[in-house]
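Scroll down for the structure; my scribbles are underneath it.
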Amino acid sequence: INHHMDFDDEYIDDMEYYDVEPCDLRSNYEQVVTIQTYIYSFICALGLLGNVLVLITYAFYKKAKTMTDVYLVNVALADLLFIMALPLIIYNEQHVWSMGTWACKLLRGIYSLNLYSSMLLLACISGDRYIAIVKARHSIGMHFKTHIYSRLVCSVIWFLAIGLSMPTFIYYDLYVENSTAEAECSYSFATSGTAQLMKILVPSLQVAVGFFTPLLVMSFCYCSIILTLLRARNYERHKAVRVVLAVVLAFILCHLPYNAVVLIHTIKLFKERGCESEQQVLLALSVTKNLAYLHCCLNPILYAFIGVKFRNHFCKIMADIWCLRKRNFISGRSSQQTSELYLPAHKFTGGSVQENPSSFSM
């Protein structure tokens, strides 16, 4: 028995050999990789721009004053970490993981790290909003402790995410079935007992800790917030949580399909499955995984279109960039005209022109 898991990181049972034609689980691999390349490129470009703008906004325009602000900064950092890994993932999947074992472990592990940290941080955001609105009396006088608590909570979450991601970092490896086969980045186990344990433990932790637990926390907190706002008849306070609520809902819509398919596949893991059924599950996992990756570039879009404060800060950033470009352009033209006016005539002879460095402003 070979304790190897397929190319798409999704928990396939050990194959037993019968006197039948083997099932080809890589029949659509090239088509899937080609489609994923375009999707990953879109996510990378949009996500990089959006999350960098979020960090710039918090760094120069809107200081992180509340616990929610600190959590959102960490969400942007987690998303940016994964987005920076996407180009390497694209390259390695196109070149059969030519960068070696370290890239296989690191790049697969970064997604797991991003998943746990982002989801747990969003659960913390919902808890902070619950305390600020539903338990408003208890939150009075806690402002001076905000930065201490938020940084402590974020540190705990990052360490927890790293711990939960360790099986991915440890057990992912390059696998080559024979000397003529292409290398695959997948789970690889030394013993049958380890394979059976990890094939249940890893997806169970992902679904339970990385999705359903934060989902329960968010559902309780935001349901309580909505009831409180309806009783208070104060819809202005609803605007304060509308952005966060939209971000959480978008995250759930992106991750629910993938986690549902992973859960179904894990339940059927050690049962007999047909070849066509297994191919369909792998295709569903691939499609829903791309949807899960999409969350990295959705948060900044939600900030820009829903959050009034963030929209104002983004407009301020664009205005400042435009003014800076316009000022540099005018300064550059003025400097160039001045240098041309006082430049000696012999500088232009011989078919060459000596450029004035002062006319090129960054």
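For the stretch 248-282, applying the loop criterion from DSSP together with a ceiling of 14 other beta carbons within 10 Å to the chymotrypsin sites (Phe, Trp or Tyr not before Pro) yields Phe270. Cβ crowding within 10 Å ranks Met99, Met166, Met198 as Met166, Met99, Met198, fewest other Cβ atoms first. Which GluC sites (Glu not before Pro) does the stretch 156-235 hold that lie in a coil by DSSP with at most 16 other beta carbons within 10 Å? Of the GluC sites (Glu not before Pro), the ones in loops of the stretch 156-235 whose Cβ has at most 16 other Cβ atoms within 10 Å are Glu177, Glu182. What the Kirkwood sum gives for the stretch 29-306 is a hydrodynamic radius of 20.3 Å, with every pair of different alpha carbons counted.
Using 0.36 nm per residue and subtracting the Cα-Cα separation, the extra length available between Arg231 and Leu256 on full extension is 5.9 nm. Computed from the Cβ-Cβ distance with R0 of 41 Å, the FRET efficiency linking Leu216 to Trp322 stands at 0.35.
A Förster radius of 30 Å, combined with the Cβ-Cβ distance separating Thr194 from Thr37, puts the computed FRET efficiency at roughly 0.35. In the stretch 46-122 the Cα-Cα distances spread across 5 Å bins starting at 0 as 3, 15, 21, 20, 16, 11, 7, 4, 2, 0 percent of all pairs. Ordering Asp69, Asp320 by the number of other Cβ atoms within 10 Å of each residue's own Cβ, fewest first, gives Asp320, Asp69.
Throughout, read-outs are computed from the coordinates displayed, never taken from laboratory work. Values in this document were obtained by computation on a predicted structure and should not be read as measured data. Glycine also receives a Cβ, built like all others from the backbone with ideal geometry; neighbour counts cover every protein chain displayed.
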